[in-house]
Structures are given as C-alpha cells and as structure tokens.
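Engineer: Questions regarding the structure given below will be posed in turn.
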Amino acid sequence: MRAADPACLFCRIVAGEIPATRVHDDEALIAIRDIAPRAPTHVLFMPREHIPSAADLTADDGPMLGALFGAAAEFARSEGIADTGYRMVTNIGAWGGQTVDHLHVHLLGGRSMSWPPG
Ligand code: AMP
Ligand code: ZN
C-alpha cells in the first residue's frame, strides 16, 4: 500500500478533506465530477492509493485497474452515455497534460469526441 501524500490534492479529496462530488466510492477507488468539465459528463476515476501516474503501475495493480474500468462502464450506463460512447484517457507527465500527480482516468461523454486530442 503506497502512503498518502499530504500535499496531493486527490489524496486530500480521497480522505474527505477537500469536498468533491462523488459518483463512485469503494474500497479501492473513488470517482468525482471534474471541477472544470470539458464535456457534458466529465468524471475522474482514481485509486484511493497515491500512485503518481500510469507510469508507476505494476502487475499488482491489475485488479484495481479492472475494477476501475468496470466501475466506469457501470457509471456510463447509469449516466445514460453508454450507448452513444465515451472516452477514457489518462495523462502522463507535463507533455501528456498531467496537472495532478495522482493517477486518474478521465471519463468524458455526452458529446462526440474528435481525434487526435490536442
Ligand atoms: P490532468 O490535467 O489530467 O492531471 O487532470 C486533472 C483534472 O483535475 C483536471 O481536469 C481538473 O479540472 C481537475 N481538478 C482539479 N482540481 C479539482 C478538484 N478540486 N475537484 C475536481 N476536479 C479537479
Ligand atoms: Zn495522491
């Protein structure tokens, strides 16, 4: 179990120290509405554990990742965006567009997406 980082915004959201709108919460994961949504539905799925980015994942994280994508699919159905489709993406490092160094996977939906991202 990686230790929480007291300076990490998402560790503090996981701990309930900073408010967020939770749409999923279990022993391994939470999901919150993005504070600056880039689509009608924009949710961030993240492990409770402080993992800086997807570049830090190991094979031991497989069950957590499976649970994350499973929870996201269930959420998309409940949000009514599953049939039209949606995008899941994780940014890594500065050029990848990562601004919060606690692994999170964006779920964006409710509109048609373009490709490639900017
Ligand atoms: P990234 O740039 O991929 O690291 O994504 C970080 C995301 O976190 C951005 O989409 C931000 O809008 C979002 N964000 C930042 N602060 C908060 C917050 N307090 N609550 C919810 N989302 C946040
Ligand atoms: Zn963290």
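Engineer: Take A76 and tell me if it is away from ligand 1 (no atom under 11 Å from the Cβ), over 21 Å from P6 (Cβ atoms) and either open to solvent by less than 50 Å² (accessible area, probe 1.4 Å) or touching a residue at least 40 places away in the same chain (Cβ under 8 Å) (or both).
Structural biologist: yes
Engineer: Could you list, in sequence order, the residues of segment 34-72 that are among the aliphatic types (A, V, I, L, M), open to solvent by 40 Å² or more (accessible area, probe 1.4 Å), under 20 Å from G110 (Cβ atoms) and part of a helix (DSSP H, G or I)?
Structural biologist: The answer is none; no residue qualifies.
Engineer: Next question. Looking at segment 24-49, which of its residues are over 11 Å from the mean Cα position of the chain (by Cα), closer than 21 Å to A67 by Cβ and within 14 Å of ligand 1 (Cβ to nearest atom)?
Structural biologist: If the condition is that a residue be over 11 Å from the mean Cα position of the chain (by Cα), closer than 21 Å to A67 by Cβ and within 14 Å of ligand 1 (Cβ to nearest atom), then T41 is the only one that fits.
So that you can scan it fast, the table gives a plain yes or no per residue for (1) farther than 18 Å from H102 by Cα; (2) at pLDDT 95 or above; (3) not aliphatic (A, V, I, L, M):
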position: D34; (1), (2), (3): no, yes, yes
position: T41; (1), (2), (3): yes, yes, yes
position: P52; (1), (2), (3): no, yes, yes
position: D60; (1), (2), (3): no, yes, yes
position: F69; (1), (2), (3): no, yes, yes
position: A73; (1), (2), (3): yes, yes, no
position: E79; (1), (2), (3): yes, yes, yes
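Engineer: Here are some conditions: (1) exposed (fewer than 11 other Cβ atoms within 10 Å of the Cβ); (2) charged (D, E, K, R); (3) assigned to a helix (DSSP H, G or I). D83 meets all but one. Which one does it not meet?
Structural biologist: (3)
Engineer: When the residues of segment 1-23 are filtered to those that are under 12 Å from the mean Cα position of the chain (by Cα) and within 11 Å of ligand 1 (Cβ to nearest atom), which remaining residue is surrounded by the most Cβ atoms within 10 Å (Cβ to Cβ)?
Structural biologist: F10
The values are calculated or read from the model by the stated rules, or taken from the named source; none is laboratory data. Given the structure is predicted, the values throughout are model-derived calculations rather than measurements. Note that we place each Cβ from the backbone using ideal geometry, even for glycine, and neighbour counts take in every protein chain shown. With ligands, DNA and RNA removed, areas are computed over all heavy atoms of the protein, side chains included. Shrake-Rupley method; radii C 1.70, N 1.55, O 1.52, S 1.80 Å.
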